[in-house]
1. Take the residues of region 524-548 that are of a type in the set (Val, Ile, Thr) and open to solvent by 30 Å² or more (accessible area, probe 1.4 Å): which is farthest from the chain's Cα centre (by Cα)?
2. Looking only at region 549-589, count every residue that is under 28 Å from Leu521 (Cα atoms), without any contact (Cβ under 8 Å) to a residue 40 or more places away in the chain and of a type in the set (S, T, N, Q) and tell me the total.
3. Could you list, ordered by first residue, the pairs with Cβ atoms under 7 Å in which the first is in region 232-244 and over 14 Å from Leu112 (Cα atoms) and free of Cβ contacts under 8 Å to residues at least 12 places away in the same chain and the second is assigned to a helix (DSSP H, G or I) and open to solvent by less than 10 Å² (accessible area, probe 1.4 Å), at least 6 apart or interchain?
4. Among the residues of region 60-80, count how many are aromatic (Phe, Trp, Tyr) and within 20 Å of Tyr389 (Cβ to Cβ).
5. For region 158-169, state whether one or more residues are closer than 24 Å to Tyr371 by Cα, open to solvent by less than 20 Å² (accessible area, probe 1.4 Å) and among the aliphatic types (A, V, I, L, M).
6. Looking only at region 549-587, how many residues end up being over 25 Å from Cys677 (Cβ atoms), open to solvent by less than 50 Å² (accessible area, probe 1.4 Å) and not hydrophobic (A, V, I, L, M, F, W, C)?
7. Taking region 477-531 on its own, how many of its residues are over 18 Å from Ile233 (Cα atoms), in contact with a Ser or Thr (Cβ under 8 Å, 6 or more places away or on another chain) and of a type outside the set (Val, Ile, Thr)?
8. Given the condition over 41 Å from the mean Cα position of the chain (by Cα), among the basic types (Lys, Arg) and more than 20 Å from Ile94 (Cα to Cα), answer yes or no: does some residue in region 273-286 qualify?
Amino acid sequence: MISTDPLLSDITDNNEHRPDKILVEYHGLDQVAFDDKYGRLPDRKLTAKTACRIIRDRCSCSGACLWSLVLRHLPVVDMFRTYKFKEYILGDIIAGISLAVLQVPQSMGYTLLATLPPIIGLYTSFFPVLIYFIFGRSRHVSIGTMALTSLILASSMSKVIPKFMADNDLDLLQNSTNSSDLTTNLNDPVVQEKIQIAMTISFMAGILLSVLSLMKFGILASYISDPFLSGYICGCNIQVLTHQFKHILGITVGNYSGALSYFYLVWDMCLNLKHVNVATLITSVIATAILIVIKKFINERYANKLRVPVPIDIIVVITATLTSYYCDFEARFGVKVVKEIPQGLPQPMVPSPQYITTFLLDAFILGLVNYVLIFIMVKMFSQKYDYPYDPDQEMLATGLAGVFGSFFCSIAGSTSPPRCILGDQAGGKTQLAQLISAMLILLTLLFLAPLLESLPLCILACLVLVSCIPLFMYYKACVLYWHTSKHDLSVWTVSLVATILIGVDIGILIGMSFSVIVVILRTQAPYSTLLGRSTQDNVLLDSKKYSKTSQLSDTIRIFRFEAPLYFATIDLFQEKLFSATVKPSVVRTRIIKGKIDDPKANGAEVIDEENKPNDSTVIVQRVQPDEHSKDDVLNIGTIIVDCTSMTFVDTSGAISLGKLDREYRLAGIRFILANTCETVKNTIKNVKECSTLTVCPSVYDAVISANVSKCNVALNNQENDEAISNM
């Protein structure tokens, strides 16, 4: 081992073995010598022969391959194959019943938010669930209606419904949805048009998700940042809560869409407060109080003692329906009720092709939101119970469920966190609980749905209102981001404000775009520093963060840049490097024609003799720095770039490193990269400009290499002096 620097003196010739200390020897090897010494394995290269073999293996078919394909794309087969009947069946039955009891009122309430007949929610809780049961891999995700997706559909439909009503002279029709009032008459032309639009958007969203899953874009959800998602959910939560008050107060307001529509809605509700229906308000207050008390102070507080949470949602729905029917709320007090609910299953319908181009962006947003919400729940439960999940398969299952359901008057199905948690708490073990829930929904559609015709609409609004309360936990994230990262706080704030001001459809695009911009801007302001030597034990420390550090050497500088080096950060990297060390132009180079007997007489050293012009010697001469330079920059002989935090380098970045190496060598300064990752090494290796660039496996190797080079230069100069003196 060679040690020529005090940094390494503590580990030289030290044979003492202590359990609290690890002694490592560094030999000053560059990357090539390091690989030779420790036997680096050859990199695997994709040859034509290897590519043909891979294609042949992928395209070959066998019984085992076919069975593996079936298990991968039809998880229901694997579920039944490994089902432990005695252990799972009771929990799945209880969970299925609990989910169905919650689904019936909740799905009707969420569909009310989409300004669609409540029966559409029951359809959505049945048809998409069947497909997800077959293709979905998660054992605990419950598919059905969701407030966010309903809000997106309502926003999308509001863009064309006014024009449709004007074109068909429906403004004066009593049953048309000229305002926010909802009609459940499925024969109403406006309702039929809304159903066609919702089906078309859901169909396109499903097709897009299915195609993206085949292209392996399931990992797309991993690129949705938590600050954006939290801010967007908070914004949607405020929108959902606000839309419920018109039903809770029993007032009629207009339909608004576009930017600032939220404030128009709030202002309209304030103007109509004098028209509040007292009976509706009293009913809503009583129902909301009961729901909150039971859910918060009984179901949550005694969750460990209750085998199944109290099904307060369905209890409130049944009680309110019976009370409304026998007391005739609609006729006596003007309380709006659900009215007509058709019995049985709907006739298959084909989505309307005329809206495909109109709502293509809306379909993409709807599909993305649906998949992200499902993926979050899938990932959470797979980590909790340690079973595998496949993002692409989940995207495919979500897409196929939307496509299939759109032919049966269903909107795009998503998931609701409280619903999934309820199924888990009730003891659900497999996807069979979702199938049991769907079968109970089917029984409701066939026999029980007409019994809910007297259900007050304000009760459905109360169910949605109370279900949004758990989402207030996302508002706490702003406090966390305030203390941890102002960048994350800005993403959260912009996503929240954009969703409220612009709308849930455009708000998601603004939030995602802003989060990407913040990531780009953060790479434009990376942290950089010089590493110094600890005055206590020679550990390399950040000289900006630690006071007990000293300069490593008069001739060596170790520079750390904590960001990738690509086309957007090249100029910033060079600026910070020159500011921390020395700019090559500070050292002036000149070519002197003729033979120089003693270059050192001019204070210069010979470099680059292989490329020197004929009859000339390239020399460098140190000059005094300008007024803006440091006093000690002219003593720098080696610059080491610590690439520990440099995760990748693109071609432009590698070329810039090669140019820096050339410029520093012409200035008589060695330029060394240390601690490079495999990605950086592979890029540098394939760039011609980096052929002479020195790469060391560690900073310590680079330091030793620099000291050895300095010693060799001094030894050569001494030999030259002795030779000249003997002449």
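The values are calculated or read from the model by the stated rules, or taken from the named source; none is laboratory data. On a predicted model such as this, the values are computed, not experimentally measured, just so you know. In this analysis, Cβ positions are derived from the backbone assuming ideal geometry, glycine residues included, and neighbour counts consider all displayed protein chains. Please note that ligands, DNA and RNA were not included when accessible areas were found on the heavy atoms of the full protein model with its side chains. Shrake-Rupley method; radii C 1.70, N 1.55, O 1.52, S 1.80 Å.
1. Here the answer is Thr535.
2. Within region 549-589, residues that are under 28 Å from Leu521 (Cα atoms), without any contact (Cβ under 8 Å) to a residue 40 or more places away in the chain and of a type in the set (S, T, N, Q) number 1.
3. Once the first residue is over 14 Å from Leu112 (Cα atoms) and free of Cβ contacts under 8 Å to residues at least 12 places away in the same chain and sits in region 232-244, no partner that is assigned to a helix (DSSP H, G or I) and open to solvent by less than 10 Å² (accessible area, probe 1.4 Å) comes close enough.
4. Matching residues across region 60-80 total 1.
5. Within region 158-169, none of the residues are closer than 24 Å to Tyr371 by Cα, open to solvent by less than 20 Å² (accessible area, probe 1.4 Å) and among the aliphatic types (A, V, I, L, M).
6. Here the count works out to 5.
7. Final tally of qualifying residues: 4.
8. Yes - at least one qualifying residue is present in region 273-286.
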